[in-house]
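One structure below.
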Amino acid sequence: MSETLQQLLDISIFWEYRTVLLRGLAVNFYVFVCAAIVALSLGLGAALLRVSRRRPLRALGTLHVEIFRNAPDYVMVVWVHFVLPLLIGTLLHTRFELNPFVSAIIALGFVYSGYFAETFRAGIEAVPIGQIEAGRSCGMSDRHILWRIVLPQVVRRMLPESINQFISLFKATTIVSLIAVPDLMYQVSMITQQEMRPLPLYTGAALVYFAVILVASYALRAASERWRNKIFA
Amino acid sequence: MSEVPTIRVVDVHKRFGSLEVLKGVSFEVHRGNVVSMIGASGSGKSTLLRCINHLETPTTGDIFIEGESLCFRGDAAGSRAPRPLSEINRMRRDLGTVFQQFNLWPHMTVLGNVIEAPNRVRGLSRKAAAQLGGECLARVHLEDKALEYPARLSGGQQQRVAIARALAMQPKVMLFDEPTSSLDPELTDEVLGVMRELAADGTTMIVVTHEMGFAREVSDRVMFLHNGLIEEEGPPDQMFGAPKSERFRQFIAKYLY
Ligand SMILES: Nc1ncnc2c1ncn2[C@@H]1O[C@H](COP(=O)(O)OP(=O)(O)OP(=O)(O)O)[C@@H](O)[C@H]1O
Ligand SMILES: [Mg+2]
């Protein structure tokens, strides 16, 4: 009995498959970084729309935020991968398919752009109008003010909250195995099918994710505090 | 005087919805002159200053900077089109503004604040801008704080950095909107001291202030604004010595006792 338990828990199988599993983890990171870039760019765009002086643009920004912030990431991944190509294919009268990587990155990027847009917007609105007027009075263009005065402060202000969002996004990358993106979870389920030993494999995966996220979030928080303290004393 | 005035304000009206805040203000400021603008809260002083640097667009009227219209671009045929923002930004380089709330950029060092616009708006090299920035910081006696961040400075020091930042644009005129109103009394003097030195150096200045002593001693001309109109103006000795309008008399009485 105790021997079976020991065998069940024996995590060494994880070590045997380390190259495959590491490759899977690398895929998680790859999807994470690409989706984060998409989410940050779209989020900034939507936030700028939301603080625009023109009402239709503001409405467009709000629409973007509300749609994607309220879409469950799992549903979005499935929808983008299976439904979107059908729609495009029908419209263009051709067969159209999306690479699972692309689907995953688009879906997660859009969902998280909804969250980042709100963080960006709060950060932009926290910059006192007087600082912007000081820039205008020196003859700065709006673009100059955005890039040199507003965004550098927004980034510093956003850091604590966005670290949490980056962590959520990283966790969300584990659902891409559902559309056969070969990430760590995908590799683990493949190996489980051969080895029939789910317990050590899934436990190992959980431990790896846990360790990665814990270390990364501590490092990021410490770095961001040091950087912020200089100006928001 | 045949010289073109540095600033000429011509019949400026400004409305916010149904509220008419400026009701036709005209005046001129010549090179090297210091003009103090005083008046009760809500009389339109800030609004007038904000029209001069085009943070507000006058409803009607115009402002001329060394003879050039700020609000309109006229062509040879005599038609007038509103001036595009890019040209307004170019003209703003000639106006240095100091606000009540300092409005320094907190993520930049003191020197960074001062050289940002000379470097990236006027296009000076970083080295030339740093040289100029150092000189401007010396004029406000803060050369040793160049590498500090604004959050580490006192209010008086922050306001002096803001003055240096405006000076670094080498403007034709400096606009001050109550530069000492958010400072503790003991910090007011160091800022007023710097402004006196600027005036003595021949800087053209328009100063909105509640500091009657400063207005009286430093300005060439005082303007008293009341309900969106210049109620009385003249040299300070005449204004304070023999006020003509009853309202101005009441206004200064509050500062004397
Ligand atoms: N953007 C705006 N929208 C609506 N009303 C405004 C706006 N800016 C100023 N006002 C109004 O215009 C009037 C004049 O304001 P202004 O700030 O020019 O007065 P001020 O003379 O500078 O007063 P203070 O000494 O308090 O600074 C006030 O009644 C103010 O409420
Ligand atoms: Mg005011």
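The values are calculated or read from the model by the stated rules, or taken from the named source; none is laboratory data. Just so we're clear, the structure is a prediction, and the values are computed from it rather than from any experiment. Every residue, glycine as well, gets a Cβ built from its backbone with ideal geometry; the counts of neighbours run over all protein chains shown. Surface accessibility is based on the protein's heavy atoms, side chains included, excluding ligands, DNA and RNA. Shrake-Rupley method; radii C 1.70, N 1.55, O 1.52, S 1.80 Å.
Quick notes on this one:
- Those residues of the stretch A:162-191 which are of a type in the set (Phe, Trp, Tyr) and either surrounded by fewer than 18 Cβ atoms within 10 Å (Cβ to Cβ) or more than 13 Å from residue A:112 (Cβ to Cβ) (or both), in sequence order: A:186
- Selection status of residue B:72, more than 9 Å from chain A (Cβ to nearest Cβ) and either hydrophobic (A, V, I, L, M, F, W, C) or crowded, with 20+ Cβ neighbours inside 10 Å (or both): yes
- Checked against the criterion of being under 17 Å from the mean Cα position of the chain (by Cα) and either within 16 Å of ligand 1 (Cβ to nearest atom) or within 27 Å of residue B:255 (Cβ to Cβ) (or both), the stretch B:66-86 contains not a single residue that satisfies it.
- Sole residue being open to solvent by 20 Å² or more (accessible area, probe 1.4 Å), assigned to a helix (DSSP H, G or I) and closer than 27 Å to residue A:27 by Cα, chosen from A:108, A:91, A:86: A:86
Here's the yes/no breakdown for (1) at positive phi; (2) of a type in the set (Lys, Arg):
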site	(1), (2)
B:215	no, no
B:221	no, yes
B:227	yes, no
B:232	no, no
B:237	no, no
B:244	no, yes
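- Check on residue A:54, surrounded by 14 or more Cβ atoms within 10 Å (Cβ to Cβ) and among the basic types (Lys, Arg): no
- Residue match in the stretch B:192-214 (condition: within 14 Å of another protein chain (Cβ to nearest Cβ) and either over 30 Å from residue A:138 (Cβ atoms) or at pLDDT 95 or above (or both)): yes
- A single entry from B:104, B:175 fulfils the requirement of being within 16 Å of ligand 1 (Cβ to nearest atom) and surrounded by 20 or more Cβ atoms within 10 Å (Cβ to Cβ): B:175.
- Considering only residues in the stretch A:137-148 that are in contact with a Ser or Thr (Cβ under 9 Å, 6 or more places away or on another chain) and buried (at least 20 other Cβ atoms within 10 Å of the Cβ), the one that is farthest from residue B:116 (Cα to Cα) turns out to be A:137.
- Between B:26, B:18, B:43, the distinction of being within 16 Å of ligand 2 (Cβ to nearest atom) and away from every other protein chain (no Cβ under 14 Å) belongs to B:43 only.
Here's the yes/no breakdown for (1) closer than 14 Å to residue B:105 by Cβ; (2) more than 8 Å from chain B (Cβ to nearest Cβ):
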site: A:108; (1), (2): no, yes
site: A:113; (1), (2): no, yes
site: A:120; (1), (2): no, yes
site: A:131; (1), (2): yes, no
site: A:138; (1), (2): yes, no
site: A:144; (1), (2): yes, no
site: A:150; (1), (2): yes, yes
site: A:154; (1), (2): yes, yes
site: A:157; (1), (2): yes, yes
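- Scanning the stretch B:46-62 for residues that are buried (at least 20 other Cβ atoms within 10 Å of the Cβ) and more than 12 Å from ligand 2 (Cβ to nearest atom) yields B:51, B:52, B:53, B:54, B:58.
- Filtering the stretch B:13-65 to residues that are away from ligand 1 (no atom under 16 Å from the Cβ) and out of contact with any helix residue (DSSP H, G or I) (no Cβ under 8 Å at 6 or more places or on another chain) leaves B:26, B:28, B:29, B:30, B:31, B:32, B:33, B:60, B:62, B:64.
- In summary, helices (runs of 4 or more DSSP H) completely within the stretch A:117-206 and bearing 2 or more residues that are under 22 Å from residue A:46 (Cβ atoms), under 19 Å from the mean Cα position of the chain (by Cα) and of a type in the set (A, V, I, L, M, F, W, C) occur at A:151-172.
- Boolean, residue B:33 is under 13 Å from the mean Cα position of the chain (by Cα), under 25 Å from residue B:214 (Cβ atoms) and open to solvent by 30 Å² or more (accessible area, probe 1.4 Å): yes
- Filter result (at pLDDT below 90 and open to solvent by less than 30 Å² (accessible area, probe 1.4 Å)) within the stretch A:149-161: A:158
- Residue in the stretch B:215-238 that is farthest from the other protein chains (Cβ to nearest Cβ), counting only those that are within 16 Å of ligand 2 (Cβ to nearest atom) and open to solvent by less than 10 Å² (accessible area, probe 1.4 Å): B:224
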